[in-house]
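Structure record follows, encoded as structure tokens.
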Amino acid sequence: MPASPVTTSPRDFAVLLPPGWVRIPLDGSENARMAAVVAAKAAEVPEPQRSQVRQRLLQVLNDILRHAKSTGGIDVLVSLGEVRGVPIPASCLVSYLDRGKKVPLDGLRAELAAGDDEVTWAEIAGSPAIRRQRTEGAVTSVDFFAPVPGRPGLLSLSFGTAAAEPLAGALLSLFDAVAESLRWQS
């Protein structure tokens with residue numbers, strides 16, 4: 001049975017995250033959340049490397065969170081998973097984009113399709129959304145733009161990875177699955 005559509009403005013959203021991923025809301029509690037994530041990840045490592053792992057992970061997460069805040073992000077989804085001891089380079093910046101009035105998806109799709117990016121329709125939370133995929137240098141990214149019920153703006157999920165094929169292809173499928181799992185919470 002499909003979920004009933006949200007008609008009022010949601011207070012939050014939920015997504016299904018793969019193992020090894022964490023969600024860090026940028027709501028003022030991100031430093032405490034980051035400290036807990038770093039402590040948990042470092043605890044998985046043997047004692048001789050713990051301090052080095054803790055320090056490196058703090059540096060990486062601080063950089064990610066600083067960038068996310070500077071670009072207007074509201075949440076960060078980040079992979080802390082590994083394949084054969086190699087970190088999986090993937091993350092998602094979640095933002096709320098508000099142009100002051102409702103953005104028609106047809107117009108946004110046409111605007112985005114004017115470039116060289118692959119732009120298609122998607123479905124998020126039971127409603128039409130836009131999916132844009134592009135590759136710039138070694139980074140492959142997928143952006144989703146979904147209308148927020150009861151509000152004029154769009155929720156943007158901007159996934160990115162610097163992984164090479166075949167991992168990049170698998171991560172693109174994973175990004176699609178995470179975005180399609182989004183549900184509004186009242």
Residue count, region 31-62 (criterion: in a helix (DSSP H, G or I), more than 22 Å from Y96 (Cβ to Cβ) and free of Cβ contacts under 8 Å to residues at least 24 places away in the same chain):
21
Those residues that are at pLDDT 90 or above, part of a loop (DSSP other than H, G, I, E, B) and surrounded by 10 or more Cβ atoms within 10 Å (Cβ to Cβ), I need them from region 1-26; list them, please.
P10, V15, L16, L17, P18, G20, L26
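Confirm whether A32 is surrounded by 15 or more Cβ atoms within 10 Å (Cβ to Cβ) and over 22 Å from T161 (Cα atoms).
Working: surrounded by 15 or more Cβ atoms within 10 Å (Cβ to Cβ): no; over 22 Å from T161 (Cα atoms): yes.
No, not satisfied.
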Six or more apart or on different chains, Cβ under 8 Å: which pairs go from a residue in region 153-168 that's assigned to a loop (DSSP other than H, G, I, E, B) to one that's of a type in the set (F, W, Y)? Could you list them?
G153/Y96
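Among the candidates S95, S70, S91, single out the residue that is of a type outside the set (V, I, T) and exposed (fewer than 14 other Cβ atoms within 10 Å of the Cβ).
Values: S95 fails: exposed (fewer than 14 other Cβ atoms within 10 Å of the Cβ); S91 fails: exposed (fewer than 14 other Cβ atoms within 10 Å of the Cβ).
It is S70.
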Considering only region 141-186, how many residues are within 13 Å of F13 (Cβ to Cβ) and hydrophobic (A, V, I, L, M, F, W, C)?
10
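Might you check whether a residue that is closer than 24 Å to V60 by Cα and not hydroxyl-bearing (S, T, Y) occurs anywhere in region 94-117? Give the steps one after another, and end with the answer.
Residues of region 94-117 closer than 24 Å to V60 by Cα: 94-96.
Still in the list and also not hydroxyl-bearing (S, T, Y): 94.
Scanning region 94-117, I find at least one residue that is closer than 24 Å to V60 by Cα and not hydroxyl-bearing (S, T, Y), so the answer is yes.
Tell me which residues, restricted to region 37-60, are farther than 14 Å from G85 by Cα and among the small types (G, A, S).
Keep residues of region 37-60 that are farther than 14 Å from G85 by Cα, which gives 37-40, 43, 47-48, 50-52, 54-60.
Listed by number, the residues that qualify are A39, A40, A43, S51.
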Of the conditions (1) in the same structural domain as L155 (by TED's automatic domain parsing); (2) surrounded by 18 or more Cβ atoms within 10 Å (Cβ to Cβ); (3) not β-branched (V, I, T), L57 satisfies every one except a single condition; which number is it?
(1)
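Being part of a strand (DSSP E or B) and not aromatic (F, W, Y), is that true of even one residue in region 171-183?
yes
Assess whether G100 counts as being more than 27 Å from E165 (Cβ to Cβ), exposed (fewer than 12 other Cβ atoms within 10 Å of the Cβ) and modelled with pLDDT under 90.
On the way: more than 27 Å from E165 (Cβ to Cβ): yes; exposed (fewer than 12 other Cβ atoms within 10 Å of the Cβ): yes; modelled with pLDDT under 90: yes.
Considered against the rule, which asks whether it is more than 27 Å from E165 (Cβ to Cβ), exposed (fewer than 12 other Cβ atoms within 10 Å of the Cβ) and modelled with pLDDT under 90, G100 comes out as yes.
Condition first: of a type outside the set (S, T, N, Q), within 25 Å of H67 (Cβ to Cβ), in contact (Cβ under 8 Å) with a residue 24 or more places away in the chain and not in a loop (DSSP other than H, G, I, E, B). Now tell me which residues in region 123-152 satisfy that. Working first, answer last.
Going residue by residue through region 123-152, those that are of a type outside the set (S, T, N, Q) are 123-126, 128-132, 134, 136-139, 142-152.
If we keep only those that are within 25 Å of H67 (Cβ to Cβ) as well, we get 124, 129-132, 134, 136-139, 142-146, 148, 151.
Narrowing further to those that are in contact (Cβ under 8 Å) with a residue 24 or more places away in the chain: 124, 129-131, 138, 142, 144-146, 148, 151.
Of everything in region 123-152, those that are of a type outside the set (S, T, N, Q), within 25 Å of H67 (Cβ to Cβ), in contact (Cβ under 8 Å) with a residue 24 or more places away in the chain and not in a loop (DSSP other than H, G, I, E, B) turn out to be I124, A129, I130, R131, V142, F144, F145, A146.
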Determine the pairs where a residue that is within 18 Å of W184 (Cα to Cα), located within region 90-115, has a partner that is assigned to a helix (DSSP H, G or I) and not β-branched (V, I, T) with Cβ atoms under 6 Å apart, the partner being 6 or more residues away or on another chain.
L93/A68
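Determine, yes or no, whether V76 is buried (at least 19 other Cβ atoms within 10 Å of the Cβ) and either within 27 Å of V142 (Cβ to Cβ) or in contact with a Lys or Arg (Cβ under 9 Å, 6 or more places away or on another chain) (or both). It would help to see each step written out before you state the result.
Values: buried (at least 19 other Cβ atoms within 10 Å of the Cβ): yes; either within 27 Å of V142 (Cβ to Cβ) or in contact with a Lys or Arg (Cβ under 9 Å, 6 or more places away or on another chain) (or both): yes.
Against the criterion (buried (at least 19 other Cβ atoms within 10 Å of the Cβ) and either within 27 Å of V142 (Cβ to Cβ) or in contact with a Lys or Arg (Cβ under 9 Å, 6 or more places away or on another chain) (or both)), V76 qualifies.
The values are calculated or read from the model by the stated rules, or taken from the named source; none is laboratory data. Predicted model only: the values in this text are computed from it and were never measured. Virtual Cβ from ideal backbone geometry, glycine too; neighbours counted across all protein chains shown.
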